[in-house]
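Remarks on the structure that follows.
The values are calculated or read from the model by the stated rules, or taken from the named source; none is laboratory data. Quantities reported herein were computed from a predicted structural model and do not represent experimental measurements. Please note: Cβ atoms are built from the backbone with ideal geometry, for glycine as well, and neighbour counts cover all protein chains shown. What goes into the accessible areas is simple: the full protein's heavy atoms, side chains included, and nothing from ligands, DNA or RNA. Shrake-Rupley method; radii C 1.70, N 1.55, O 1.52, S 1.80 Å.
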Amino acid sequence: MSRHRNYRNLDFEEEYDSYDEVLGHSVDDSECGMSPGMEQYLYSRSKDAAHGFASYLPTGEDIKEEEEAVDETLHQPGSLDRSRHDSSTYEKPPLSTEDEVRLSSIMDELHNILGDKYSERELTQTIIANKFELEASLNALLHKGASAAAAAAVAQPFSNRAERDNVKGNDQTASAYVEQLSLSRNSDTNKSAPLQGKRTPASKAVGNLAATPVVVATPNKNGNTPRVVRGFDVLSNDGISKGAAAENNLSINEQESKRSRSNTPVRGWRDKDKDKEKDKLREKETPTVARTPAKIRDKAVDVEMCYKQQRGGEKDLLNLVVVGHVDAGKSTLMGHLLYLQGNVGQRMMHKYEQESKKIGKQSFMYAWVLDDTEEERSRGVTVDIAQRVFESDKKKITLLDAPGHKDFIPNMITGAARADVAILVVDATTDAFEAGFESGGQTREHALLIRSLGMTQLAVAVNKLDTVNWSQERFMEIKTSLRHFLKTVGFKDADVIYVPCSGLSGENLVKPSTIEALNSWYTGPTLLQAIDKMKVPERAVTRPVRMCISDLYKGQGSNMCVGGKLDTGYVQNGDRLLLLPPGEVVTVKGVQVENAEPSTAFAGDPVTLTISGVDPNVLHVGDFLCDPSEPIPLATRVQARIVLFNIKVPLIEGTQVDFHYQSLTEPAKIRKLVSQVHKTTGQIVKKRPRALVNNSAGLIEIQFTRPLCLELFRDYKELGRFMLRIRGATIAAGLVTQILN
Ligand code: GTP
Ligand code: MG
């Protein structure tokens, strides 16, 4: 795609020689009678308002649209067109709100499994007839499909064996169908990408979970080693997987997701099968790590003393994430700031300028400082978090540039989970601020997310003010709207600072502006000064080690490198850490913290650890490294307090959600609505509510498909927070209040 675009933007007349070299030519160009340089074949935005394909034809005449032929297959059973037609004319019977919700959720599941094969009418009728039971509806539809195929087969004898087998294949139960699906998904995931490079999108890495080998045992505080995982839960082992699923009262979707991982190790479904024989057999087959708990280090270290000695005289460290709606100018703003700071050399900047000009994206030259992959540069969109370190007068700042596009919110959450404070960038251009701020825009969602992740300090960069002539009116208009909104989200006025600036022209980033139109009304801090003013949160250096892996890549030899923020504790070379959920004890071979003394890291540091003694196949983004004698708890079911926002359908029991926690995205189910609570006082308003609506708060139980490393909010504030998302939209923020299983 990007290559294609590059060629479109090339000046073909000039580049013709080298163009030949790159592409080679199998046809003699002179015989072609058409040069790629011919003006009329090149696309130009300015040339024609209507960019229809017809404008590229020499005659200039539009191609007439053909009359749509009436499709005969419309009346054949199972035809896609028929189902569409059927759906468009169908009117649903009146249902209660709760049934509506159930219907739409089951319909979605059926669409996921069966595709567009059945019309809305067929689906609705089947679901209602089967009392809103997913499995029963699926079975009914599949049987219906099979009988239709069989009837067709009677009318038309088989011409060959393959056809006959095909029809046979249709006659299967829902479970078999789902199993087949899970198998095919497995084969897809098993083809998963090799170990990612340094910038690992969390979503992708999480997707590789299926390739995990057998998992092991975790030593606990008492030195016992509770069994966490029981090896392979192979599909053919029907008795176990189906039985366990039924016991856990899982939906078919969950059973599927459970099975889809199960060719590879189940990292932790606690098998409730009482058959001890089978258990013993599996235990034998499951390799385990040392059952004696390892100690983090042999010699105790006075961590506080060490911290004072090593960091006492140094600048404070601040982790800063830059968020905001897509194209608000985040990367340009921070790229330009880094350049003005002297963090990016003049030569490099010149290179970016020339290269971006070549592909017609010169306005992104400063964004290229942070957008460093080819995809990001050619598309002009940040995809993954970029990290850079720079210094202000009083602070050493780790900058995390987040993507703004809603498709990449999981990556944004990963970055934001590593930050202490944030810059929210808004585009001051006429209508652009409003587009980002309206419901569904990322300005609101990002502000909500960072507040829910525990950040309380915020700098708002009112960017692109050059496009509105540095208008004070526009600045005030934006400030008023945002102030009101941010207050409702939970930011105190005193903790939010508004800075007018322009990332492209560099106005008011590092030095006060010299532009009369701006400095006639603005005398506040520059963006850099605003960052410098932010307070650094306390570092829990004496607490047990906790680090969520947000990045991993292969090191030298058999070593692996893992990156992330050290949430709590202290790590030095030679330390032994416990990797969870796999439960392996690893040895730290190297500690790298940018711009700090190597071989030690303290809480709050963005760090890269080189570790040995780990099987790369069991290592994943989202896993935790922790103190072996005080491991992070593993949970498959938790109780949590959530606040709901931005949901269209009320949340009911059984809803499937995406659980976002640190660098992890996991499928989960709302198992129980315990109570509805008051949003601010936390008092119970209603016990066992049937649904939780928008803007309400509640106590709920969440069920995962495997054990996850989670901390209680009251024990570790930074690690007890999570987000819930449904189909790409954030619907709730929550705090873990209890680990139930
Ligand atoms: P994502 O990361 O993809 O969400 O985008 P972003 O917020 O990082 O925006 P980016 O820096 O990629 O800039 C988007 C566009 O806005 C580019 O064409 C920039 O040149 C333009 N832009 C950024 N800042 C300014 C500014 O201050 N003034 C003007 N006029 N344009 C700007
Ligand atoms: Mg960007």
#### Entry: For the range 381-457, Kirkwood radius (reciprocal of mean inverse C-alpha pair distance, Å)
13.4
### Range of Cα positions in the range 696-741 per principal axis (Å), largest first
29, 23, 18
### Task
Please express the Cα-Cα pair-distance distribution P(r) of the range 535-654 as a list of whole percents, one per 5 Å bin, running from 0 to the bin with the greatest distance.
2, 11, 20, 22, 15, 10, 7, 7, 5, 2, 0
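If R0 is 60 Å, what FRET efficiency do you get for residue 690 and residue 542 from their C-beta distance, rounded to 0.05?
Rounded to the nearest 0.05, the efficiency is 0.85.
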### Message
Rounded to two decimals, what is the ratio between the C-alpha radius of gyration of the range 483-578 and 2.2 N^0.38 Å?
### Response
1.69
#### Entry: Inter-site label distance for residue 553 and residue 615 at 7 Å from Cα along Cβ, in nm
2.5
### Label-point separation, residue 104 to residue 133 (7 Å along Cα→Cβ), nm
2.6
### Message
Over 5 Å intervals from 0, what percent of Cα-Cα pairs in the range 368-526 sits in each interval?
### Response
1, 8, 17, 21, 22, 18, 10, 2, 0
#### Entry: Members of 533/717; 406/554; 487/717; 308/330; 479/511; 330/487 lying beyond 26 Å, as alpha-carbon distances in this model show
406/554; 308/330
### Query
Which FRET efficiency value, to the nearest 0.05, is calculated for residue 144 and residue 481 with the Förster distance at 60 angstrom and r the Cβ-Cβ distance?
0.65
### Query
Per the 1.4 Å probe, what fraction of the accessible area of the range 598-741, in percent, lies on carbon and sulfur atoms?
49
### Rg followed by Dmax, in Å, when the range 290-370 is reduced to its Cα trace
21.6, 61
#### Entry: Top positive-direction residue, dipole computed over the range 324-468 with Cβ charges, set 435, 392, 449
392
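Normalised by the number of residues in the range 590-637, what is the relative contact order in percent for Cα pairs under 8 Å and 6+ residues apart?
On the way: 30 pairs, mean separation 12.2, N = 48.
Once normalised by length, the contact order is 25 percent.
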### Query
How large is log10 I(q)/I(0) at q = 0.25 Å⁻¹ when the Debye formula is applied to the Cα atoms of the range 671-716, each weighted equally and without solvent?
-0.94
### Query
Out of every Cα-Cα pair in the range 326-386, what percent are more than 15 Å apart?
42
### Message
For the range 406-492, I need the span (max minus min coordinate) of the C-alpha atoms along each principal axis, in Å, sorted largest to smallest.
### Response
36, 29, 21
### Query
Rule-of-thumb check for the range 462-524: C-alpha Rg over 2.2 N^0.38 Å?
1.16
### Query
Of all accessible surface on the range 402-540 at a 1.4 Å probe, what whole percent is carbon and sulfur?
49
### Query
Between residue 121 and residue 683, what is the label-to-label distance in nm when each label sits 7 Å out along the Cα-to-Cβ direction?
5.4
### Task
Would you mind computing the Rg to Rh ratio of the range 596-716 from its alpha-carbon coordinates, Kirkwood style for Rh?
1.07
### Task
Against the globular-protein guess of 2.2 N^0.38 Å, express the Cα radius of gyration of the range 318-457 as a ratio, rounded to two decimals.
1.02
### Query
Given q = 0.21, 0.22 Å⁻¹, what are the Debye log10 I(q)/I(0) values for the range 359-418, with equal point scatterers placed on the Cα positions and solvent ignored?
-0.84, -0.89
